[in-house]
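Each remark here refers to the structure printed beneath this line.
The values are calculated or read from the model by the stated rules, or taken from the named source; none is laboratory data. Model, not experiment: these values are computed from the prediction. Cβ coordinates were reconstructed from backbone atoms using ideal geometry, including for glycine residues, and neighbour counts include every protein chain displayed.
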Amino acid sequence: MRHGKKVNHLGRKSAHRKSMLANMACSLIEHKRINTTVAKAKALKQFIEPLITKSKAENNQSAEKGTHNRRIVFKSLRDKFAVTELFSEVAEKVADRPGGYTRIIKLGSRLGDNADMAMIELVDFNELYNAGKPKKKTTRRSRRGTGAKAETPPVEATEVKTETKTETKTKTEPKVQAEPEVKADDSEE
């Protein structure tokens with residue numbers, strides 16, 4: 001039974017585990033996505049999401065709270081370049097997201113030892129997933145007085161009647177214009 005088991009120890013002592021998670025978090029902040037095992041990715045997600053929340057809160061608070069949050073994050077990450085990038089670039093991108101800053105995508109098994117592999121990435125930095133989604137509009141618009149609507153040119157239609165035993169149906173199909181034929185010269189000079 002797993003009663004009261006809150007932390008996956010990952011087969012390491014606590015100092016080794018904390019160092020490994022700090023290094024993985026710094027790599028994730030720097031590269032925006034890393035490949036690792038599924039268990040390490042889940043442990044990293046629990047480790048880094050509160051740090052991203054603290055970095056995001058700096059913009060909404062006073063300078064004293066911002067410095068305090070930087071020191072708390074630095075205590076966990078132990079890399080000033082990663083802390084700087086987290087508080088500047090990453091916090092700016094995730095400012096309007098209420099949580100769920102990372103995504104874990106399972107990749108299959110590793111060749112050597114058949115370990116389950118996964119890619120963990122920062123959600124807002126993936127251009128493929130965010131490409132199809134439209135940007136949020138910053139202004140609100142009322143429904144009254146929407147202005148002139150763009151008119152579409154009418155499509156020419158021809159009527160085709162089909163008869164069945166009990167009822168007659170009328171279909172409208174768009175008229176297709178025939179392409180002009182190009183005559184080829186058969187004479188060779």
Could you please find all residues in the range 45-86 being under 23 Å from residue 10 (Cα atoms) and among the polar types (S, T, N, Q)?
46, 76
Output the residue which, of all residues in the range 114-132 that are modelled with pLDDT of 95 or more and under 14 Å from residue 29 (Cα atoms), is surrounded by the fewest Cβ atoms within 10 Å (Cβ to Cβ).
119
If I ask for residues that are surrounded by fewer than 14 Cβ atoms within 10 Å (Cβ to Cβ) and hydrophobic (A, V, I, L, M, F, W, C), which ones from the range 11-20 would you list?
15
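Can you name the residue in the range 94-113 that is under 14 Å from residue 48 (Cα atoms) and in contact with a Ser or Thr (Cβ under 9 Å, 6 or more places away or on another chain) and, of all such residues, is surrounded by the fewest Cβ atoms within 10 Å (Cβ to Cβ)?
Filtering the range 94-113 down to residues under 14 Å from residue 48 (Cα atoms) leaves 94, 99-104.
Add one more test, that the residue is in contact with a Ser or Thr (Cβ under 9 Å, 6 or more places away or on another chain), and what stays is 94, 99, 101.
On the way: 94: 21, 99: 9, 101: 22.
Applying the filter and picking the extreme gives 99.
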